[in-house]
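The values are calculated or read from the model by the stated rules, or taken from the named source; none is laboratory data. Because the structure is a prediction, the values reported are computed rather than measured. Every residue, glycine among them, receives a Cβ derived from its backbone with ideal geometry; neighbour counts consider all protein chains shown. Please note that ligands, DNA and RNA were not included when accessible areas were found on the heavy atoms of the full protein model with its side chains. Shrake-Rupley method; radii C 1.70, N 1.55, O 1.52, S 1.80 Å.
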Amino acid sequence: MKNLKKYILAIESSCDDTSAAVLCNDIVLSNVVATQQIHEQYGGVVPELASRAHQQNIVPVVHQALSKANIDKKELAAIAFTRGPGLMGSLLVGTSFAKSLAIGLNIPLIEVNHMQAHILAHFIADKDQKAPSFPFLAMTVSGGHTQIILVKDFFQMEVLGETLDDAVGEAFDKSAKLLGLPYPGGPLIDSHAQEGNPKAFLFPKPKVAGLNFSFSGLKTSILYFIQKKKSENPDFVKDNLNDICASIQYTILEILMDKLKLAVKQTGVKQIAIGGGVAANSGIRARLVATERTMGWKTYIPKIEYCTDNAAMIGIVGYYKYLQKDFAEKNIAAKARYVLE
């Protein structure tokens, strides 16, 4: 079965990006993403507006994905979709569409855990990225999650540590908001950080046992720091924006790297793969590349388009589940909280 061409349509709608992709086995033929701009004026994703936008976007996005892949829907072998975790209203749109289309075409339906997809995005066949071998350590860093996972096989994963409060993406975005930067602020902090001194200002690193994370305390310390400095100089942020961003990013990266080092020490696994939207951060990517020389690790970083929410990563999980005939019932429901097992 693995050598036969199997076309899988994948749908991703967990948050504010509507995406559809078509894969031929493990090769991406199309990967279309419609990003919702409406949330920028609110400084964050508004769930009700997100679900409405998904309803508007999903049909044209799927149509475009099929057209770019030059595939007729009757050629599809299965439909994979994000079941969770995510915003319930957003998930319902993708889930309902996938179920309806699978029933209409009388083809299998494949449910996918969004976080598992971020990890397995490394296995998309692409000349510009390499896949790790098992076992490896995966760090998922996104707006909603921060986890370290021991990946033993495609479908055998163990969560070793995760955030106890804010995710790393939230830490970036909330810090950016404190600096007066527009949403989404994480990429802007990354941009300014490249022009600043990462050790200009010191922020405390939280003391959290084991491999778990915490970012709420860091956010609070940044808030108090800015309030104090602005009381002394109202133009402090404007005058020092690059250095502040560089110092915030440096602290966050130190937190992540400290936990990764501990995970390697505890497991003995020196293959490190990163995934999730924050994996697009240039600082994280640079630090991981450097560890190959300084720590003797082998690191794997997916292409930018496979880091942020996209349907191609849903499709690669769908392909490997298809090989195992791991199909979902047509009455399956979305899950806003979907634990990675």
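Determine which single condition ILE226 fails, assuming it passes every other condition in (1) without any contact (Cβ under 8 Å) to a residue 60 or more places away in the chain; (2) farther than 25 Å from ALA138 by Cβ; (3) open to solvent by 60 Å² or more (accessible area, probe 1.4 Å).
(3)
Can you work out which of the residues in region 1-17 that are modelled with pLDDT of 95 or more and part of a strand (DSSP E or B) is farthest from SER67 (Cα to Cα)?
GLU12
For residues that are among the aliphatic types (A, V, I, L, M) and buried (at least 24 other Cβ atoms within 10 Å of the Cβ), scanning just region 266-278, find the one that is farthest from the chain's Cα centre (by Cα).
ALA273
Results for (1) in contact (Cβ under 8 Å) with a residue 12 or more places away in the chain; (2) under 27 Å from ALA131 (Cβ atoms), shown as yes or no for each residue.
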residue: PRO234; (1), (2): no, no
residue: LYS238; (1), (2): no, no
residue: ILE244; (1), (2): yes, no
residue: GLN249; (1), (2): yes, no
residue: MET257; (1), (2): yes, yes
residue: LYS261; (1), (2): yes, yes
residue: THR267; (1), (2): yes, yes
residue: ILE272; (1), (2): yes, yes
residue: GLY275; (1), (2): yes, yes
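Looking at region 124-132, can you tell me whether even one residue there is part of a strand (DSSP E or B), in contact (Cβ under 8 Å) with a residue 12 or more places away in the chain and of a type in the set (A, V, I, L, M, F, W, C)?
no
Which residues, counting only those in region 295-341, are part of a loop (DSSP other than H, G, I, E, B), more than 13 Å from PHE123 (Cα to Cα) and open to solvent by less than 40 Å² (accessible area, probe 1.4 Å)?
Result: TRP297, ASP309, ASN310, ILE332, ALA334, ALA336, LEU340.
Have a look at PRO108, PRO132 and point out the one that is under 17 Å from ALA10 (Cβ atoms), out of contact with any Gly (no Cβ under 9 Å at 6 or more places or on another chain) and open to solvent by less than 40 Å² (accessible area, probe 1.4 Å).
Only one candidate qualifies: PRO108.
Given the criterion outside any loop (DSSP other than H, G, I, E, B), open to solvent by 50 Å² or more (accessible area, probe 1.4 Å) and within 18 Å of ASP126 (Cα to Cα), identify the matching residue among LEU29, LEU23.
Answer to the selection: LEU29.
Can you work out which of the residues in region 205-223 that are part of a loop (DSSP other than H, G, I, E, B) and either without any contact (Cβ under 8 Å) to a residue 40 or more places away in the chain or in contact with a Leu (Cβ under 6 Å, 6 or more places away or on another chain) (or both) is most open to solvent (accessible area, probe 1.4 Å)?
Step by step, filter region 205-223, then rank; the result is LYS207.
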